[in-house]
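Encoded as structure tokens, the structure appears first; notes follow it.
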Amino acid sequence: MFEELNDLYQQVIMDHSKKPHNFGMLAGANCCARGQNPLCGDQMQIYLKTEDNIVQDLRWEGDGCAIFKASSSLMTDSLKGKTREEVKQLFEEFHALITTGKIVPNHHLGKLEVLSGVNRFPARVKCALLGWRAAMSALEGDQQPVSTE
Amino acid sequence: MNQPPSLSEYRKDFPALHQQVHGHPLIYLDNAATSQKPQVVIDALSRFYQCDNANVHRGIHELSNRASAAFEGTRERAGRFINASHTDEIIFTRGTTESINLVANAWGNQFVKAGDVILLTEMEHHSNIVPWQMLARRTGATLAFLPVTGDDGLLDLSRLDDYLTSKVRLLAFTHISNALGTINPVVELCEQARKRGITTLVDAAQSAGHRRLDVQELGCDFLALSGHKMCGPTGIGLLYGRLDLLETMTPWQGGGDMISSVDYHESTWNKVPHKFEAGTPNIADTIALHTAMDYLDQVGRDRIAEHDLEIGAYAYHQLERLGKVRLFGPRQQRAGLVSFLLHNIHAHDVVTFADQQGVALRGGHHCTQPLMKKLGVSSTSRASFYFYNTTEEVDRMIEVMGGIQKFFGE
Ligand SMILES: Cc1ncc(COP(=O)(O)O)c(C=O)c1O
């Protein structure tokens, strides 16, 4: 019944949404941020432990749709061990991927590529971005909760 | 006597219903957000701009006379639509939200004092919460909320007496909940309030296009509605206010039309209702609202209410049969909408999947975040019906829900 959605809801995405990685509080976190999607009520909290400009560890908690949960889960896997600059670059590559479907040469997306289908569902872009926006805000030390609106 | 046409025959009047979405026939089940528009309403809009377009209440020329007559004719029609005792009790606004804000300002600023209580219910739309929060901040009044019992979405009327204290100035509540499908007992609530000298406001956004409304029978002091949820255009709605109350209120917006005379340093106000309608009004949409009201009465509001009851109950029952569903709102005597969650599947995913099959649902908090929090959810999926929806469409929706459960392995 849903052939058109097989691309958006790939098995990897379903798996991550049902059993999200790095889920829960992080003891000893030194930056954290809240994110919310006011239109749908999705909420999340992200915790990062950074040392020497490197994301040593990160975890997240929250509730929302499958795309949001899978994207946040995959993001936490891919940010571990990255420097701030690398995180920023990866965010830009990811943002381009899910808003335009474009992949730049020599990219670092790895598993994040499974989310490329999001670009054909404009209403779902903010679901895929919520975790990322919260992570960027935590790294920048913003006090305000981020909002996708 | 001729049999009236079956309600599904009115589908042909709605051009937007006849289209394919993602390769499937559109099944439009987001009527609580906004209804589709019949061709006669679309025609009324373009006819005004093509033939009669002029400003109202100002010119002496023919077109302005026509526009003014049609505009004021809608006020008279709207008065009959809700059985107001005077045409002057109808104030045109952008919709329910603006109507409530008008009361919160023009009535609230004058009559609500520090220490007073504004009583709402736990199932209110943000538009019947936020304006009162703003008024409370301005005046030092506080808000109280009549509780909702739980997933069955009923007001806990056994607590009404405790909540209607001598400090309560206003009781404002929704007739039909857009998030639960609850139909609240307006007559009883207004009567209890009136006995205690408490002013009442009814949010009729979800009921105005779905059943007969008689403000004198309901016994409310104010009533707010939106044209776009009842076959009319967006950007037009109205506030009903009891004439003696409106007379005591001061304007909330200043400008043209609402004055009787202006000096550099002071002005005197126009009469009710004009003193609450500053500036050039939404003329074309107002005139098309007249057509929408005529159209609804031609269909028959009692028939629409009956159809709501049937299709709402049918959808509730079919979802229950489907299983692995959490349903919200009363089991019986519900409005024509169902709010639900498929177990372990988020409402946003449900709505995306349904959309791919041409089924337009709403997923989210439905502008009732405090209620969602109380029920312990962040969102629900909602199917909301109008008289042009059929049980076959409900069956198709249920089939799609079953398909979604299968996809998600539930
Ligand atoms: C119960 C209720 N009240 C108020 C409103 C606000 O109506 P509007 O946005 O037309 O002003 C709505 C519309 O969603 C509603 O369902």
Checking A:R59 against (1) open to solvent by less than 50 Å² (accessible area, probe 1.4 Å); (2) at pLDDT 95 or above, the condition it does not meet: (1)
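Here are some residues: B:A179, B:A224, B:A193, B:A172. Which one is outside the structural domain of B:Q332 (by TED's automatic domain parsing), in a loop (DSSP other than H, G, I, E, B) and either away from the ligand (no atom under 16 Å from the Cβ) or of a type in the set (A, V, I, L, M) (or both)?
Numbers: B:A224 fails: in a loop (DSSP other than H, G, I, E, B); B:A193 fails: in a loop (DSSP other than H, G, I, E, B); B:A172 fails: in a loop (DSSP other than H, G, I, E, B).
Only one candidate qualifies: B:A179.
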field: Among (1) away from the ligand (no atom under 16 Å from the Cβ); (2) under 25 Å from B:F111 (Cα atoms); (3) outside any loop (DSSP other than H, G, I, E, B) - the single one B:L239 does not satisfy
entry: (1)
field: Selection status of B:R11, at pLDDT 95 or above, surrounded by fewer than 17 Cβ atoms within 10 Å (Cβ to Cβ) and away from chain A (no Cβ under 14 Å)
entry: yes
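Determine whether B:T199 is away from the ligand (no atom under 16 Å from the Cβ) and either hydrophobic (A, V, I, L, M, F, W, C) or under 19 Å from B:V215 (Cβ atoms) (or both). Steps first, answer last, please.
Values: away from the ligand (no atom under 16 Å from the Cβ): yes; either hydrophobic (A, V, I, L, M, F, W, C) or under 19 Å from B:V215 (Cβ atoms) (or both): yes.
Spelling it out, B:T199 is indeed away from the ligand (no atom under 16 Å from the Cβ) and either hydrophobic (A, V, I, L, M, F, W, C) or under 19 Å from B:V215 (Cβ atoms) (or both).
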- request: Name, by its number, the condition in (1) more than 12 Å from the ligand (Cβ to nearest atom); (2) in contact (Cβ under 8 Å) with a residue 24 or more places away in the chain; (3) outside any loop (DSSP other than H, G, I, E, B) that does not hold for B:D152.
  value: (3)
message: Can you confirm whether B:V130 is surrounded by 16 or more Cβ atoms within 10 Å (Cβ to Cβ), within 14 Å of chain A (Cβ to nearest Cβ), of a type in the set (A, V, I, L, M, F, W, C) and within 16 Å of the ligand (Cβ to nearest atom)?
response: yes
query: For A:S72, all conditions in the list (1) more than 14 Å from every other protein chain (Cβ to nearest Cβ); (2) at pLDDT 95 or above; (3) buried (at least 23 other Cβ atoms within 10 Å of the Cβ) hold save one; what is the number of the exception?
result: (1)
field: B:A315 assigned to a loop (DSSP other than H, G, I, E, B), crowded, with 18+ Cβ neighbours inside 10 Å and of a type in the set (G, A, S)
entry: no
query: How about the range B:342-374: which of its residues are surrounded by fewer than 21 Cβ atoms within 10 Å (Cβ to Cβ), within 16 Å of B:D151 (Cβ to Cβ) and more than 8 Å from every other protein chain (Cβ to nearest Cβ)?
result: B:H343, B:P370, B:K373, B:K374
- request: Would you please name the residue that is nearest to the chain's Cα centre (by Cα), looking only at residues in the range B:378-403 that are β-branched (V, I, T) and more than 8 Å from chain A (Cβ to nearest Cβ)?
  value: B:T380
- line: Taking the range A:11-22 and the residues there that are open to solvent by 50 Å² or more (accessible area, probe 1.4 Å) and assigned to a loop (DSSP other than H, G, I, E, B), the one that is farthest from the other protein chains (Cβ to nearest Cβ) would be A:H21
- prompt: So which residues in the range B:55-81 are open to solvent by 10 Å² or more (accessible area, probe 1.4 Å) and either within 16 Å of the ligand (Cβ to nearest atom) or β-branched (V, I, T) (or both)?
  reply: B:I60
statement: By residue number, the members of the range A:28-46 that are under 16 Å from the mean Cα position of the chain (by Cα) and among the polar types (S, T, N, Q) are A:Q36, A:N37, A:Q43, A:Q45
query: Taking the condition closer than 22 Å to B:F71 by Cβ, within 16 Å of the ligand (Cβ to nearest atom), assigned to a helix (DSSP H, G or I) and open to solvent by 20 Å² or more (accessible area, probe 1.4 Å), does B:H290 pass?
result: no
- request: For residues that are surrounded by fewer than 24 Cβ atoms within 10 Å (Cβ to Cβ), out of contact with any helix residue (DSSP H, G or I) (no Cβ under 8 Å at 6 or more places or on another chain) and assigned to a helix (DSSP H, G or I), tally how many sit in the range B:82-99.
  value: 1
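The values are calculated or read from the model by the stated rules, or taken from the named source; none is laboratory data. This is a predicted model, so every value here is computed, not measured. Positions of Cβ are generated from backbone atoms using ideal geometry, with glycine treated the same way; all protein chains shown enter the neighbour counts. Calculation scope for accessible area: heavy atoms of the full protein, side chains included, ligands and nucleic acids excluded. Shrake-Rupley method; radii C 1.70, N 1.55, O 1.52, S 1.80 Å.
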